[in-house]
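The values are calculated or read from the model by the stated rules, or taken from the named source; none is laboratory data. Keep in mind that what you see is a predicted model, and the values were worked out from it rather than measured. Glycine also receives a Cβ, built like all others from the backbone with ideal geometry; neighbour counts cover every protein chain displayed. Areas reflect the complete protein model, heavy atoms only, side chains present, ligands, DNA and RNA absent. Shrake-Rupley method; radii C 1.70, N 1.55, O 1.52, S 1.80 Å.
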Amino acid sequence: MQAVKVDKVSYKYSEKEKLAVDGVSLEIEAGEFVAVVGRNASGKSTLARMINGLIAPLSGEITVFGNNTLDEKSLFEIRKTCGIVFQNPDNQMVASIVEDDVAFGPENIGVSREEIGKRIDFALQATGTEPFRTEMASKLSGGQKQRVAIAGVLALKPKILILDESTSMLDPIGRAEVMAVVENLRKTENMTVMVITHYMDEVVGCDKVFVMADGKLLKTGTPEQIFNDKELLDEAGLELPVPAKIAEGLKRRGVDVGLPLTKEQLKERLWKLFAKT
Amino acid sequence: MRNDVAFGQYYPANSFVHKLDPRVKILLLIAYIVLIFVIRNFLGFAVAIALLALAVAFSGVPVMKVVKSIRAILFIIIITFIINLLLHREEGETPFFEWWIFAVTPSSIRFSLFMALRLISLVMGSSVLTLTTTPVRLTDGIESLLYPLKLIKFPVHELALVMSIALRFIPTLMEETERIISAQKARGADFESGNLFSRIKSLVPILIPLIVSAFRRADELGEAMESRCYTGSKNRTKYKKLTLGYRDAIATLVVAAAFVGVIMLNIYGVNVI
Amino acid sequence: MEVVCQNLSYSYSPSSKNKKYALSDVTLTIKEGDFFGVIGHTGSGKSTFIQHLNGLIPVQNGKLTVGEYDLTDKSRSGKAKLKELRRKVGMVFQYPEYQLFAETVFEDVAFGVRNFYKQASAEFIAQKVKSAMQLVGLDFDELKDKSPFSISGGQKRRVALAGVIAVEPEILVLDEPCAGLDPQGKTSLWQLLHKLHGTFCKTVIVVSHDMNDVAEQCDKAVVFSDGKAVACGSPRELFSGLEDLEKLGLESPVTGYLTEKLKPSVTLDTDFTIDDFCDKLVEKLKEKS
């Protein structure tokens, strides 16, 4: 089933500026794990906001599980279906206490108290934040706060989760915490996930990568296809993940181990290399 | 890091006072404030302080947290104490000490102590409320108490939400202020020397980034709220319903008893000092 | 200027009974000319440590000298001295673009110059601002009259950096300078820091979470954990004892991981930069065949 269809969409923030998103078309299947990469200000976040219906495309249209974001009446449904977690965890929390904040979404859509309670239980459990249920959110670490922010979105029972650079302000432990939650949601809830990120190692495990530059979609492909396209990487200002950088260094020295994207893959290949000799 | 400086920030616990209905707590606090203003003699204060002690004892909040809440207005307490001590005067009194327009008299000692005690019990009482009530419960309580105003189209829900968000952002903005002050100090900014004008001017490099950041945060928060389906008070449900229980009845009775006690003391009590 | 720190301890609540130490018994030396990494989790004490270096946090316990400035001696570290120290130790906080405030880029960069050189002439200030902007790769004529709030994110960060280096600090301290940048922005920021390292700015101290960056960029680094400086040395020394690092929950650089996994059949004596790692690996391969 198709989760998101973006059809020739453009957007600009003001008359004078150039297009922030320029004729982008893409499709995301239900259950897929996709990444959007590119420089700062290449249009990634604007695209995410359009998918969630926060801003309406200037031209073209977007459908989320069949609902058109241009249709005012379906906006509520779209936002329930497609949750978005932003960059700064501090700026997406409404209430001081964790459970009060997680309750905010379900309260907005008018479900019963019992149902809100159930949803809070589910969301806190899925993000491993039950221990903080009645804590002050301001006392939590960055990773914990961001997990609470995810819980706040999960309480709306979305089918799609968009992470808009949600790990960029976190330290490695916080990042790992958040990515583990995402992995778990994909497994247990079959959640469709879209991550917008600058960390190439977060891209590696994706099904599909969208590469953007200057508002345009340059290429769609698997991580292998993307990282093997040298020209594309330069054009979009991307980098190889560190293991691939090492493999490239070896290649320049006449040792070919292909282009492994994870350190485990590279390790295997090096082992083989030494076993042969 | 230094989160504890924030005045009476919520202290998570599961105590008798925590479980009281926030509406009852707000009304009882108002009653308590009225009480400390009708007190006429020091014995009355004994009653008020006993009431406060009772509240603290049943709140599960460490006593020091409540006492520390005075710190925020300690300066004001001291200033009013000194002003009252030196300026308050009743007719036909012989001062202990007199200089120019200043004098210390028996009544000024009594009066200034009185005012200081009032301020202290007022602040400590209010902090018991904020320490035992989460911002959301507090604003829910206010929203519910102000409910009648909805009839005249007063935006009660929005007001309550704004208050709750403001409380939520106090620690965030305090942290941010500290960070900006450090950053500007590192660039050689000096907030401590110079005349009043240059001191005020030296605040610009702190205030502008703070305001810019507050706007950015407001923007992002607005977006986050909208994406979480917020559309105003219409069709909204509440996770935590406010319900009155036996605890509320007990607390009300205790405060009422203290009230009667103070009034009795006002009528029959002797004036100490 | 050399940073010497002996048994430095600090607590944010020194009067409370069960006080927690943000820094505890830290002893280390940062030599002039080092490109020095500071590693640790959030809350490990690294921020508290760097804020000691320019006196933003006063010394509570232990000794700290920065060049000729003895930060322990409170009687002599008067205001004038402290100011002089802050000129020589430039500090760039996390997300420094959030501290921009002036009407124009010029004025913002000039803020520090005006603060540290009270009697400076307009030419002197303009010259300092111009050279700082050029150093960080900003076009002076194009940007000087623009509002710092109207330029791009990457430019904002460079303006903030220019504002710190305009007074030509000898030690430059940066807290997570790459946070939030895209890969290209990151690469060019590291290049810029190495360029600065060769100028007036003799010592660079960088707080970083990314071990790959530390291995690649720094000559030396200290690891903080629970307020203690648990390890200090060159990447070669630090990443050879990987198990200790991993016990602290810190991820090793990929080169370190691979070196460890190739043991015991292959032992590589590398400094853990990608280039050196590849060299040593290819050498071993040739030896074997």
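At a glance:
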item: Exposure of A:Glu107 as accessible area (Å², to 10), given a probe of 1.4 Å and all protein chains; result: 20
item: Peptide ranges C:21-30, A:144-153, C:235-244, C:152-161 listed from the most packed, as the mean C-beta count within 10 angstrom indicates; result: A:144-153, C:152-161, C:21-30, C:235-244
item: Averaged over B:215-227, number of beta-carbon atoms from partner chains that fall within 10 Å; result: 6
item: C:Lys20 paired with A:Glu15, simple spin-label distance in nm, labels 7 Å along Cα-to-beta-carbon; result: 5.5
item: Accessible area, probe 1.4 Å, largest first, for residues C:His52, C:His194; result: C:His194, C:His52
item: Average partner coverage of C:225-233, which counts Cβ from other chains inside 10 Å; result: 0
item: DSSP-assigned coil residues among chymotrypsin sites (Phe, Trp or Tyr not before Pro) in the range B:30-99, each with at most 14 further Cβ atoms within 10 Å; result: B:Phe96
item: Extension reserve of the B:Ser198-B:Ser107 stretch, reckoned as 0.36 nm per residue once the Cα distance is removed; result: 28.5 nm
item: Cα gyration tensor shape for the range B:2-268, rounded if a/c is under 1.5, else prolate or oblate; result: oblate
item: Members of the range C:178-200 that become less accessible by 40 Å² or more once partner protein chains are added (1.4 angstrom probe, chain alone as reference); result: C:Gly180, C:Asp182, C:Pro183, C:Gln184
item: Computed magnitude of the charge dipole of the range C:202-289 (debye, nearest 20; Cβ of K, R +1, Cβ of D, E -1); result: 180
item: Estimated distance in nm for a label pair at B:Asn235 and A:Ala56, the labels positioned 7 Å out from Cα along Cα-to-Cβ; result: 1.8
item: Residues C:Leu248 and C:Phe200, FRET efficiency given R0 of 60 Å [Cβ-Cβ distance, rounded to 0.05]; result: 0.95
item: Amide hydrogen neighbours beyond the local backbone of A:Lys219, cut-off 5 Å, H modeled; result: A:Val211
item: Rounded to 10°, Cα long-axis angle of helix A:142-154 versus longest principal axis of chain A; result: 60
item: For chain C: rounded, prolate or oblate by the Cα gyration tensor [a/c cutoff 1.5]; result: oblate
item: Chains A and B together, accessible area buried on both sides, 1.4 angstrom probe, square angstrom; result: 3400
item: Cα centroid of the range C:95-165 to Cα centroid of the range A:25-84, whole Å; result: 39
item: Chain-alone versus full-assembly comparison, the range A:32-54, residues with accessible loss of at least 50 Å² (1.4 Å probe); result: A:Leu54
item: Per-residue SASA entry for B:Thr130, accessible area with 1.4 Å probe, Å² rounded to 10; result: 40
item: Accessible surface of chain A [probe 1.4 Å, protein heavy atoms]: carbon and sulfur percent; result: 47
item: For chain B, the longest site-free run once trypsin sites (Lys or Arg not before Pro) in DSSP loop states with at most 12 other Cβ atoms within 10 Å are removed; result: B:3-152
item: Spacing of the two label points (7 Å from each Cα toward its C-beta) at C:Glu260 and C:Ala122, in nm; result: 6.1
item: R0 of 60 Å, Cβ-Cβ distance B:Trp100-B:Met174: FRET efficiency to nearest 0.05; result: 0.90
item: Efficiency of FRET from Cβ geometry, A:Lys187 and A:Glu224, R₀ 35 Å, rounded to 0.05; result: 0.95
item: Number of partner chain Cβ atoms within 10 Å, mean per residue of B:233-243; result: 5
item: Chain B: most fluctuating residue of B:Thr94, B:Thr80, B:Thr139 per GNM, C-alpha cutoff 10 Å; result: B:Thr94
item: The range B:2-268 - percent of accessible surface contributed by carbon and sulfur, probe 1.4 Å; result: 71
item: For the range A:1-96: rounded, prolate or oblate by the Cα gyration tensor [a/c cutoff 1.5]; result: rounded
item: Amide H contacts under 5 Å for C:Val173, placed H, 5+ residues apart; result: C:Gly90, C:Met91, C:Val92, C:Ile205
item: Accessible-area ranking of C:Glu216, C:Glu32, largest first, probe 1.4 Å; result: C:Glu32, C:Glu216
